[in-house]
Amino acid sequence: MTEAQTWHGTHQVPEHRMITVSIGPFVLVIAHLPGEWQLAWHRSGELEPQTPVSQPTPISELDTTFTIQRFLTHKTGDQIRLNPMLADRPVVARPELPLTVPADDEAKIFVSTPVWVHAELPEPSRTLFEMPAVRPSDTWFGPDTRRGVVAYASQTTARLCIANLPPMPHRIITEITVRNQVNSALLLERVSVPAPNLALFADQEGGLWTAPLVAIRDSESQRARVDLSTEPPVEASGATQVAEPRVLIEKNVLTRALHVLVG
């Protein structure tokens, strides 16, 4: 097997062999035994310097930091597929420092959210597991304790220039344009990314992107009108779609997920 340039895709693992997949701080070992696949994982807390996917090696014992899951199958085949997916809830990204968009102005920011790793056996497709590369904490997102949704919390640097974002195989980039069309400044203390409603794209180098969002504030309320593209952002060179939205978009759901985007 030639060295893979990205972690996601189809990988060949012969029987009695294993491969190691490094996805940022998330390390996944895939072992293939007769009638069985073993998936072992752990989060190191640091970015792993290894190549994304190792070549197959004889199966060896893992240290106790790994959590091991066994999957039995009577079907033959040496292939396993790893798919990137967006989070199964909205992700509330809080910039390290609050951002302000002046009256009658706009800003474009790039935020990142953790990737979910989905493993399956192809032909026919059989899901083995799904796991976030980085497990974000839970949070409540809404105007009060009665109106809102359970979401994930994630801190972000909210970059203004994509060139300032380092390669992050374990995170997905979302471009958000905020248009403040009222006569008062807009304070951005947190940004909600409606991850389950977004399509996922991979660029030519394997970087992961969502469709871009445009949030338009045209009244003094905390609500924003949201335009959602179905195409990747122009910054994602040669991107192709690799995953459909988890949940088809309904206008009221999207509005509810984003109504405190500008709060």
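Summary table below
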| item | result |
| --- | --- |
| Residue in the range 172-185 that is part of a loop (DSSP other than H, G, I, E, B) and surrounded by 22 or more Cβ atoms within 10 Å (Cβ to Cβ) present | no |
| So Glu123, is it assigned to a strand (DSSP E or B) and either acidic (Asp, Glu) or over 19 Å from the mean Cα position of the chain (by Cα) (or both) | no |
| Test for Phe71: is it buried (at least 20 other Cβ atoms within 10 Å of the Cβ), in a strand (DSSP E or B) and touching a residue at least 24 places away in the same chain (Cβ under 8 Å) | no |
| Any hit, the range 213-222, residues being in contact with a Gly (Cβ under 6 Å, 6 or more places away or on another chain) and either buried (at least 16 other Cβ atoms within 10 Å of the Cβ) or assigned by TED's automatic domain parsing to the domain that holds His170 (or both) | yes |
| Some residue of the range 53-67 being among the β-branched types (Val, Ile, Thr), out of contact with any helix residue (DSSP H, G or I) (no Cβ under 9 Å at 6 or more places or on another chain) and at pLDDT below 90 | no |
| The range 101-146, residues that are in contact (Cβ under 8 Å) with a residue 40 or more places away in the chain and of a type in the set (Lys, Arg) | Lys108, Arg126, Arg135 |
| Residue satisfying all of: in the range 75-103; surrounded by fewer than 18 Cβ atoms within 10 Å (Cβ to Cβ) and among the β-branched types (Val, Ile, Thr); farthest from Arg17 (Cα to Cα) among these | Thr100 |
| Residues that are modelled with pLDDT of 85 or more and surrounded by 21 or more Cβ atoms within 10 Å (Cβ to Cβ), drawn from the range 149-168 | Ala151, Tyr152 |
| Hits in the range 51-68 - residues which are surrounded by 10 or more Cβ atoms within 10 Å (Cβ to Cβ) and touching a residue at least 24 places away in the same chain (Cβ under 8 Å) | Thr51, Pro52, Val53, Ser54, Gln55, Pro56, Thr57, Ile59, Leu62, Phe66, Thr67, Ile68 |
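Here is a yes/no grid of residues against (1) more than 30 Å from Thr57 (Cα to Cα); (2) touching a Lys or Arg at 6+ places or on another chain (Cβ under 9 Å):
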| site | (1), (2) |
| --- | --- |
| Thr76 | no, no |
| Val91 | yes, no |
| Ala103 | yes, no |
| Pro114 | no, yes |
| Glu123 | no, yes |
| Thr127 | no, no |
| Arg135 | no, yes |
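The values are calculated or read from the model by the stated rules, or taken from the named source; none is laboratory data. Just so we're clear, the structure is a prediction, and the values are computed from it rather than from any experiment. We place every Cβ from the backbone using ideal geometry, glycine too, and count neighbours over all the protein chains shown.
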